[in-house]
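Structure first, commentary second.
All of the numbers you see were taken from the coordinates with simple rules; none came from a lab. Note that the structure is predicted; figures quoted are calculated from it, not measured. For neighbour counting, all protein chains shown are included, and Cβ atoms are generated from backbone atoms with ideal geometry for every residue, glycine included.
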Amino acid sequence: LTLRIEPGRALTAYCGWYATEVLDVKRSHGEEFAVVRGGTHHLRTPATKGHDQPCSVLKVDAWPHPWPRSAADGEQVTLAGQLCTPKDVLARRVPAPGLRAGDRVVFSLAGAYAWNISHHDFLMHPRPGFHFLHPSTAGL
């Protein structure tokens, strides 16, 4: 008797993080949206599983552009990718008061199949960078 187990996301989902930049913040139909660099073509899990990906916001003070920096007016923001499809949503109504273009959003639980099942080359958007940490060099 041979028993084989494929643990899938149960073990490996916690091994990955997806970090991206907020490109713009806008209001549409009474709801605020933040458009991030990337989207479900990098992190497909929210669209596939029909859930909102857990995330944290990292505020960035620097703004190197000559145009005004867009910012959220409300307490909650829907995080959408830059693809031309309404399915490109990573998380809905995230508590992110004051979220601004240029800030970073870091999504947890991005290991496992999040990248493998994504449409990597959809509309020829660039792929994200991958960085691997080893416990001996990451201070873990």
Near pairs, Cβ below 7 angstrom, 6+ apart or cross-chain, from the stretch 1-29 (under 28 Å from residue 130 (Cα atoms)) to any residue that is of a type in the set (Ser, Thr, Tyr): 9/113; 17/108; 24/70; 25/70
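In the stretch 65-83, what residues are more than 12 Å from the chain's Cα centre (by Cα) and closer than 16 Å to residue 47 by Cβ? Spell out the reasoning first.
Taking the stretch 65-83 and keeping what is more than 12 Å from the chain's Cα centre (by Cα), we get 65-77, 83.
Within the stretch 65-83, 83 is the sole residue that qualifies.
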Out of 57, 94, 36, 77, sole residue that is farther than 22 Å from residue 14 by Cβ, among the aliphatic types (A, V, I, L, M) and in contact with an Asp or Glu (Cβ under 8 Å, 6 or more places away or on another chain): 77
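Of everything in the stretch 109-123, what is assigned to a loop (DSSP other than H, G, I, E, B) and not aliphatic (A, V, I, L, M)? Give them in sequence order. Reasoning before the result, please.
Going residue by residue through the stretch 109-123, those that are assigned to a loop (DSSP other than H, G, I, E, B) are 109-121.
Residues satisfying the conditions are 111, 113, 115, 116, 118, 119, 120, 121.
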Filter result (over 19 Å from residue 22 (Cα atoms) and either within 14 Å of the chain's Cα centre (by Cα) or of a type in the set (Lys, Arg) (or both)) within the stretch 84-140: 109, 111, 114, 115, 118
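Residues are listed down the side, and each one gets a yes or a no for (1) surrounded by 15 or more Cβ atoms within 10 Å (Cβ to Cβ); (2) on the phi > 0 side of the Ramachandran plot:
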site: 8; (1), (2): no, yes
site: 12; (1), (2): no, no
site: 19; (1), (2): yes, no
site: 25; (1), (2): yes, no
site: 33; (1), (2): yes, no
site: 38; (1), (2): yes, yes
site: 46; (1), (2): yes, no
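Taking the condition part of a loop (DSSP other than H, G, I, E, B), β-branched (Val, Ile, Thr) and either out of contact with any Lys or Arg (no Cβ under 7 Å at 6 or more places or on another chain) or farther than 24 Å from residue 114 by Cβ (or both), does residue 12 pass? I'd like the intermediate steps shown before the answer.
Numbers: part of a loop (DSSP other than H, G, I, E, B): no; β-branched (Val, Ile, Thr): yes; either out of contact with any Lys or Arg (no Cβ under 7 Å at 6 or more places or on another chain) or farther than 24 Å from residue 114 by Cβ (or both): yes.
No, not satisfied.
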Qualifying residue in the stretch 117-128 (condition: in contact with a Pro (Cβ under 9 Å, 6 or more places away or on another chain) and either of a type outside the set (Phe, Trp, Tyr) or farther than 19 Å from residue 9 by Cβ (or both)): no
